[in-house]
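A short worksheet on the structure shown next.
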Ligand SMILES: [Zn+2]
Ligand SMILES: [Zn+2]
């Protein structure tokens, strides 16, 4: 029974280990320092802080540095101990973990707030996106700008394939652009269109060549780039905009976090189906009653036009009467009940309704998330100025047992 499945007690969940408070404005990014009980945070309050766990079990800021402009994003490169900080004034500043003073600065990286950055040690490049609608790439050896491309709307997030120098840029129009970056030049490979709202976050898995995107339309899409067949999987379970993603290669789990504090763990190691394209029709594809814009048929049949709906399982255009039932259909990513036509409803078996994701409460606005799968740790932060450190071994525990270590 569906009711039994949904009321099943959920014991495996993220466990809150620590709360870090002290920032006086939104915390825009927090990252875990590998192999150390440490967290680096950047905030709208214009500070960068390195927090280390004391014997008391509490985290205290061991280093604290103020800058001239709010810190909008951060990227931490552990091997070189370099911290890349994007600022509200468009600058990208590079500093070192142990001192936090700027060792390099790109003051004109953007003309407006920096939204995301990736550092590539291989090429000594830092790639960044900003609210000046551009993606920029710069050389950290020479300190010079290498190239820039402008989009038609704010560039909000970024992922980068280090091996092939391809950048994925998500923007406020809901598009994702794939660019190949070269020194001094670049080419646009393709644009990915699927979301109905601004892209909030991207995650690229270079091994399985999968791109995950989360957006303000509350959904996550998995783009099978490596498969080259344009296969996309839609994942719907959040009730707010999706702002953080992380794919765990070994257990094939996807973690997604939304602005309302929702934390979802998706099982991607299972057979999933693509959601159908929505079909267009002038009349219900079940009972053939005309939709309201079909004036001619309405006149001929002397019937009133009906509103058009779509069955999420078959994609057919149907009237409300022919699609009165709702069902979850996790195989297509629908973890909460959605509209299905009566014929499809009858084909959905009880076992088809078994959830393929678990949902948890972060209980704060999650703007950014970082994970250390080898220790089973997750850190979340947001506009409530709080940083939370979680033990997620219960939900992603198997990655530890198998000795998986992150790249
Ligand atoms: Zn109908
Ligand atoms: Zn249907």
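Each row is one residue, and each column tells you yes or no for (1) buried (at least 16 other Cβ atoms within 10 Å of the Cβ); (2) in the same structural domain as residue 253 (by the TED database); (3) closer than 23 Å to residue 231 by Cα; (4) within 11 Å of ligand 2 (Cβ to nearest atom).
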site: 320; (1), (2), (3), (4): no, no, no, no
site: 325; (1), (2), (3), (4): no, no, no, yes
site: 328; (1), (2), (3), (4): yes, no, yes, no
site: 333; (1), (2), (3), (4): yes, no, yes, no
site: 346; (1), (2), (3), (4): no, no, no, yes
site: 349; (1), (2), (3), (4): no, no, no, no
site: 362; (1), (2), (3), (4): yes, yes, no, no
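In segment 225-233, is there at least one residue being away from ligand 1 (no atom under 16 Å from the Cβ), modelled with pLDDT of 95 or more and more than 22 Å from residue 12 (Cβ to Cβ)? Looking for residues that are away from ligand 1 (no atom under 16 Å from the Cβ), modelled with pLDDT of 95 or more and more than 22 Å from residue 12 (Cβ to Cβ), one finds at least one in segment 225-233, hence yes. If you go through segment 271-282 and pick out every residue that is within 30 Å of residue 353 (Cβ to Cβ) and within 16 Å of ligand 1 (Cβ to nearest atom), you end up with 4.
So, in segment 384-406, exactly how many residues are within 20 Å of residue 358 (Cα to Cα) and modelled with pLDDT of 90 or more? Residues that pass the stated criteria total 8. When segment 209-242 is filtered for residues that are surrounded by fewer than 18 Cβ atoms within 10 Å (Cβ to Cβ) and either over 17 Å from residue 274 (Cβ atoms) or within 12 Å of the chain's Cα centre (by Cα) (or both), the ones remaining, listed by number, are 209, 239, 240.
Of the helices (runs of 4 or more DSSP H) lying entirely inside segment 301-405, the ones with 2 or more residues being away from ligand 1 (no atom under 14 Å from the Cβ) and free of Cβ contacts under 8 Å to residues at least 60 places away in the same chain are found at 342-347, 398-401. Set side by side, the residues 271, 253 differ, and just one is modelled with pLDDT of 90 or more, under 23 Å from residue 215 (Cβ atoms) and away from ligand 2 (no atom under 15 Å from the Cβ), which is 253.
Taking the options 128, 80, 136, name whichever one is at pLDDT below 95 and in the same structural domain as residue 45 (by the TED database). Working first, answer last.
On the way: 128 fails: at pLDDT below 95; 136 fails: at pLDDT below 95.
Answer to the selection: 80.
If you filter segment 283-293 down to residues that are assigned to a loop (DSSP other than H, G, I, E, B) and in contact with a strand residue (DSSP E or B) (Cβ under 6 Å, 6 or more places away or on another chain), you find that the one that is farthest from ligand 1 (Cβ to nearest atom) is 285.
The values are calculated or read from the model by the stated rules, or taken from the named source; none is laboratory data. Just so it is clear, the structure is predicted and the values come from calculations on it, not from any experiment. Cβ: placed from backbone, ideal geometry, glycine included. Neighbour counts: every protein chain shown.
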